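A quick write-up on the structure given underneath.
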Amino acid sequence: MALTYEHIKQRLVEKFGEQVKGFEEPYGMLTFEAPKELNLKVLQFLYDDAELQFRFLTDLQAVHYPDDTGRELAVVYHLHNLTENIRLRFKVFTEISRPDVFSAATLYASANWMERETYDFFGVNFVGHPNLKRILNVDEMDYFPMRKEFPLEDQSRIDKDDEMFGRGGSIV
Amino acid sequence: MARPVQYNIYGKTDVKLVKEGPEGYMGEAFMATTLEQVVGLARKNSLWPLPFATSCCGIEFMATMGAHYDLARFGAERVGFSPRQCDLLMVMGTIAKKMGPVVKQVYLQMAEPRWVLAMGACASSGGIFDTYSVLQGIDQIIPVDVYIPGCPPRPEAVLDGFMRIQDLVGKETLRRRNSDKYKQLMDSYGIQ
């Protein structure tokens, strides 16, 4: 019997009850969220269970929602079941003032660098990570570039024509 | 069949394929000229480039080194990947801020006389990548002699840039590297 999203949802609700919520299927991929204290438990359950073998962590990223106070940073895990070819998205929300999330690096080896990248760009502090430091940006950088308040452009240029960038100028 | 090409066109057209050589006093079986010109001639026709190829411009450089647009015709047959052995640093491609100290280190390891060629828009000015992570032009960290614009520049443009470097090399005075102006330039980059 092939694994279906209904079945996965049922197993998750059986195990975790009301704590897993927000089940939806954007673009055909089941997405759910859980409180951040449970993230390792959920991941471990999805890994160990003989039926739901989600053993491949495809992606680990974060999203910054500046307007959702209390839930600004969402850490998103993309999981894949290789035997049944089923993908799953698991989100964990945390507030921006204390962005601590438990690290999945002991469970998935690929999470190591992906968590470093998420820390580098969003500032999510992964508790229990063996080597949490900047990976793609310059080590001396003191801000987290992908957060919405920081500009994309390099601020040291003085020769830019604002008109061409749609800011001010005569073409508004 | 392609149109027939005639190579020996001396005397038949005004175009000279090769410049005649440095000015000097010619006599029977000897020529007297200045040392600068001879050294310049020797250096410019045997520049050993160091291709610091980072991204797409590197591929374009590979095409320039290929048989169709041959860079070896200009003396750059032997490209070296060790800065200790090369005189021309060709920076080709986007240099991120994290890569900046590496480029500087490679430049510092080169022996005088050394020239730098910035190929492509990214090396000249950051190109289309105006972001927090890309160095907006390598001239923020090392002095550049020739810039080749383009994204990526066509091989003909690369050859043109290379020929301009050759002009610079051929005309350089032997005292330039010890002059005050050069020292000031190096100080402005923080290079001893």
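Rule-based calculations on the coordinates, nothing more; no lab input. Nothing here was measured: the structure is a model prediction, and the numbers come from that model. Note that we place each Cβ from the backbone using ideal geometry, even for glycine, and neighbour counts take in every protein chain shown.
Brief remarks follow.
- The mean sequence distance of close C-alpha pairs (under 8 Å, at least 6 residues apart), as a share of the length of segment A:5-110, puts its relative contact order at 24 percent.
- The value of relative contact order for segment B:51-111, using C-alpha pairs under 8 Å at least six residues apart, is 44 percent.
- On the basis of the beta-carbon distance and an R0 of 30 Å, A:ASP159 and B:LYS104 show a calculated FRET efficiency of 0.85.
- Spacing of the modelled spin labels on A:ALA2 and B:VAL38, each 7 Å from Cα toward Cβ, amounts to 8.3 nm.
- Residue-by-residue Karplus 3J(HN,Hα) for segment B:114-130, coefficients 6.51, -1.76, 1.60, Hz, glycine and proline x: 9, 10, 10, 10, 9, 9, x, 5, 5, 6, 6, 8, x, x, 7, 8, 8
- Anisotropy class of the protein assembly as shown from Cα gyration tensor, a/c 1.5 cut: prolate
- Distant-in-sequence amide contacts of B:VAL116, defined by a placed amide H-H separation under 5 Å and a gap of 5 or more residues or a different chain, comprise B:LEU89, B:ASP145, B:VAL146.
- Share of pairwise Cα-Cα distances greater than 23 Å in segment B:87-191 is 28 percent (whole percent).
- Taking amide H as placed 1.01 Å from N in the peptide plane, the amide H of A:ILE86 sits under 5 Å from that of A:ASN81, each at least 5 places away or on another chain.
- Spin-label pair B:ASP130-B:ASP187: with each label point 7 Å from Cα along the Cα-Cβ axis, the two points sit 3.4 nm from one another.
- Amide N proximity, segment B:24-57 versus B:ARG78 label position 7 Å along Cα-to-Cβ, cut-off under 12 Å: B:46-49
- In this label model, B:ILE59 and A:ASN85 are separated by 3.0 nm, measuring between points 7 Å along each Cα→Cβ vector.
- Subset of B:LYS104/B:LYS181; A:LYS21/A:LYS41; A:LYS36/A:LYS133; A:LYS21/A:LYS91; A:LYS15/A:LYS41 violating a 18 Å alpha-carbon distance limit: B:LYS104/B:LYS181; A:LYS36/A:LYS133
- Rounded to whole Hz, the Karplus (6.51, -1.76, 1.60) HN-Hα couplings of segment A:119-136, x for glycine and proline: 5, 4, 9, 10, x, 6, 8, 8, 6, x, 7, x, 8, 7, 9, 5, 10, 9
- Mean ellipticity per residue at 222 nm, deg cm²/dmol - from DSSP H runs of n ≥ 4 across chain B, formula -39500 (n - 2.57): -10000 deg cm²/dmol
- Taking every DSSP bridge with both residues inside segment B:79-175, close to 10 percent are antiparallel.
- Between A:VAL13 and A:ASP48, the C-beta separation translates, for a Förster distance of 22 Å, into a calculated FRET efficiency of about 0.80.
- Ellipticity estimate at 222 nm from DSSP helix runs (n ≥ 4, -39,500 (n - 2.57)) divided over chain A, nearest 500: -6000 deg cm²/dmol
- Ranked packing of B:72-80, B:87-95, A:91-99, A:112-120, most packed first, by mean Cβ within 10 Å: B:87-95, A:112-120, A:91-99, B:72-80
- Calculated FRET efficiency for the pair A:VAL127/A:GLU149, C-beta based, R₀ 35 Å, to 0.05: 0.90
- DSSP bridge orientation in chain B - percent antiparallel, rounded to nearest 5: 20
- Chain A - Debye-derived log10 I(q)/I(0), Cα point model, q = 0.13, 0.15, 0.20 Å⁻¹: -0.71, -0.87, -1.33
- Chain B: C-alpha gyration tensor shape, a/c 1.5 cut-off, then a/b vs b/c: oblate
- Relative contact order of chain B, pairs being alpha-carbon contacts under 8 Å that are 6 or more residues apart, as %: 20
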